[in-house]
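J.: Just dropping this structure here.
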Amino acid sequence: MKGIIFTEFLDLVEQKFGLELLDELLLEANDEGIYTSIGSYDHRNLVKLIVLLSQKTGISAEDLQQVFGQSVFLNLYASLPNKASLGECKNSFQFVRLVEDYIHIEVKKLYAEANPPKFEFISETETKMVFDYKSARCMSHVCLGLVKGCAEHFNEILEITMTSETADNSHVRFYLSLVE
Ligand code: HEM
């Protein structure tokens with residue numbers, strides 16, 4: 001998994017819980033904490049850090065994933081090289097489609113070892129979108145947070161529900177409903 005995901009995560013932990021807790025976390029995880037945004041690392045390291053952080057803080061791993069996804073959205077957005085091509089993208093539904101049809105494809109072209117999730121679109125109206133999240137990384141709550149961050153960016157309020165389609169959450173259906 002791309003290092004930017006790790007560096008963002010460690011920054012967020014430091015910001016929310018402080019440097020001392022971040023140091024403890026890395027020590028317990030046997031993780032030297034040396035990540036660069038352009039490097040690639042085993043995604044299980046991130047899972048391990050989230051699980052340990054959950055144990056230390058008493059916050060569920062799902063909630064931690066979600067807060068992380070939400071806060072990382074703006075930084076991922078800011079990292080997009082050519083904002084002009086996003087000009088026509090006016091709302092969250094269009095952006096989620098763009099992520100599947102363009103952004104994650106570019107990510108894979110740039111970094112052969114990257115493995116972003118796959119979205120399969122089931123239905124869409126002006127106010128409702130249903131899509132399936134599929135990923136062996138099973139980070140559907142990061143996905144939830146990213147969609148929330150995306151809605152915030154477009155000044156929209158979305159009601160989001162999810163249903164697990166497999167026990168390991170490698171396949172999760174998302175129901176988005178535009179409130180305003
Ligand atoms: C609504 C917006 C987005 C959603 C819902 C989304 C969803 C996700 C999720 C859930 C992951 C974690 C891996 C997984 O679950 O398989 C991920 C990974 C990633 N995403 Fe996105 N994403 C969004 C926007 C973006 C944007 C704007 C970028 C900009 C470059 C981006 C680049 C990446 C990268 C680099 C990874 C790591 C892939 C890897 O190294 O394996 N995403 N995305």
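J.: Restricting attention to the stretch 119-134, which residues are open to solvent by 10 Å² or more (accessible area, probe 1.4 Å) and near the ligand (Cβ under 8 Å from one of its atoms)? Walk me through it before giving the result.
T.: First, pick out the residues of the stretch 119-134 that are open to solvent by 10 Å² or more (accessible area, probe 1.4 Å): 119-128, 130, 134.
Residue satisfying the conditions is F119 alone.
J.: Test S140 against the stated conditions and say whether it is within 18 Å of Q65 (Cβ to Cβ) and either in contact (Cβ under 8 Å) with a residue 40 or more places away in the chain or of a type outside the set (D, E) (or both).
T.: Details: within 18 Å of Q65 (Cβ to Cβ): yes; either in contact (Cβ under 8 Å) with a residue 40 or more places away in the chain or of a type outside the set (D, E) (or both): yes.
It is true that S140 is within 18 Å of Q65 (Cβ to Cβ) and either in contact (Cβ under 8 Å) with a residue 40 or more places away in the chain or of a type outside the set (D, E) (or both).
J.: For the stretch 14-61, enumerate the residues that are among the aliphatic types (A, V, I, L, M), under 16 Å from I4 (Cβ atoms) and without any contact (Cβ under 8 Å) to a residue 40 or more places away in the chain. Quick ask: steps written out before the conclusion?
T.: Applying the first criterion (among the aliphatic types (A, V, I, L, M)) to the stretch 14-61 yields 19, 21-22, 25-27, 29, 34, 38, 46-47, 49-53, 59, 61.
The next check asks that each one be under 16 Å from I4 (Cβ atoms); those that pass are 34, 38, 46, 49.
Residues satisfying the conditions are I34, I38.
J.: Write out, first by first residue and then by second, each pair whose Cβ atoms fall under 6 Å of each other, whose residues are 6+ apart or on separate chains, and whose first residue, in the stretch 103-114, is more than 17 Å from K83 (Cβ to Cβ) while the second is near the ligand (Cβ under 6 Å from one of its atoms) and open to solvent by 60 Å² or more (accessible area, probe 1.4 Å).
T.: none
J.: Suppose we keep only residues that are under 23 Å from N169 (Cα atoms) and among the small types (G, A, S) within the stretch 104-124. Which one would you say is modelled with the lowest pLDDT?
T.: A114
J.: Sort out which residues of the stretch 142-162 are open to solvent by less than 40 Å² (accessible area, probe 1.4 Å) and within 14 Å of E62 (Cβ to Cβ), and write them in order of number. Outline the logic, then answer.
T.: Within the stretch 142-162, the first condition is being open to solvent by less than 40 Å² (accessible area, probe 1.4 Å), and the residues that meet it are 142-145, 147, 149-151, 154, 156, 158, 160.
Within the stretch 142-162, V142, C143, L144, G145, I160 qualify.
J.: Of the residues that make up the stretch 153-170, is at least one charged (D, E, K, R), touching a residue at least 40 places away in the same chain (Cβ under 8 Å), in contact with a helix residue (DSSP H, G or I) (Cβ under 6 Å, 6 or more places away or on another chain) and more than 9 Å from the ligand (Cβ to nearest atom)? Explain how you work it out, then say what you get.
T.: Here is the first cut: in the stretch 153-170, the residues charged (D, E, K, R) are 156, 159, 165, 168.
Still in the running and touching a residue at least 40 places away in the same chain (Cβ under 8 Å): 156.
In the following step, the residues that additionally are in contact with a helix residue (DSSP H, G or I) (Cβ under 6 Å, 6 or more places away or on another chain) were identified as 156.
Restricting the remaining residues to those that are more than 9 Å from the ligand (Cβ to nearest atom) gives 156.
Scanning the stretch 153-170, I find at least one residue that is charged (D, E, K, R), touching a residue at least 40 places away in the same chain (Cβ under 8 Å), in contact with a helix residue (DSSP H, G or I) (Cβ under 6 Å, 6 or more places away or on another chain) and more than 9 Å from the ligand (Cβ to nearest atom), so the answer is yes.
J.: Now for a separate question. Which numbered condition trips up S92, out of (1) among the hydroxyl-bearing types (S, T, Y); (2) within 28 Å of V130 (Cα to Cα); (3) open to solvent by 30 Å² or more (accessible area, probe 1.4 Å)?
T.: (3)
J.: Moving on. Within the stretch 163-178, identify whether any single residue is small (G, A, S), surrounded by 14 or more Cβ atoms within 10 Å (Cβ to Cβ) and in a helix (DSSP H, G or I), and answer yes or no. Outline the logic, then answer.
T.: First pass over the stretch 163-178, keeping only residues small (G, A, S): 164, 167, 170, 177.
Those still in the list that are surrounded by 14 or more Cβ atoms within 10 Å (Cβ to Cβ) too: 170, 177.
After this cut, where a residue has to be in a helix (DSSP H, G or I) as well, the list is none.
No: zero hits.
J.: Let me ask you something else. Can you list the helices (runs of 4 or more DSSP H) found entirely within the stretch 1-117 that contain at least 2 residues being among the hydroxyl-bearing types (S, T, Y) and more than 10 Å from the ligand (Cβ to nearest atom)?
T.: 43-57
J.: Among I4, I38, I50, which is the only one that is at pLDDT below 95 and surrounded by 15 or more Cβ atoms within 10 Å (Cβ to Cβ)? Steps first, answer last, please.
T.: Details: I38 fails: surrounded by 15 or more Cβ atoms within 10 Å (Cβ to Cβ); I50 fails: at pLDDT below 95.
None of the others qualify; the one that does is I4.
The values are calculated or read from the model by the stated rules, or taken from the named source; none is laboratory data. Predicted model only: the values in this text are computed from it and were never measured. FYI the Cβ positions are ideal-geometry reconstructions off the backbone, even for glycines, and counts take in every protein chain you see. In case anyone asks, the SASA skips ligands and DNA or RNA and just uses the protein heavy atoms, side chains included. Shrake-Rupley method; radii C 1.70, N 1.55, O 1.52, S 1.80 Å.
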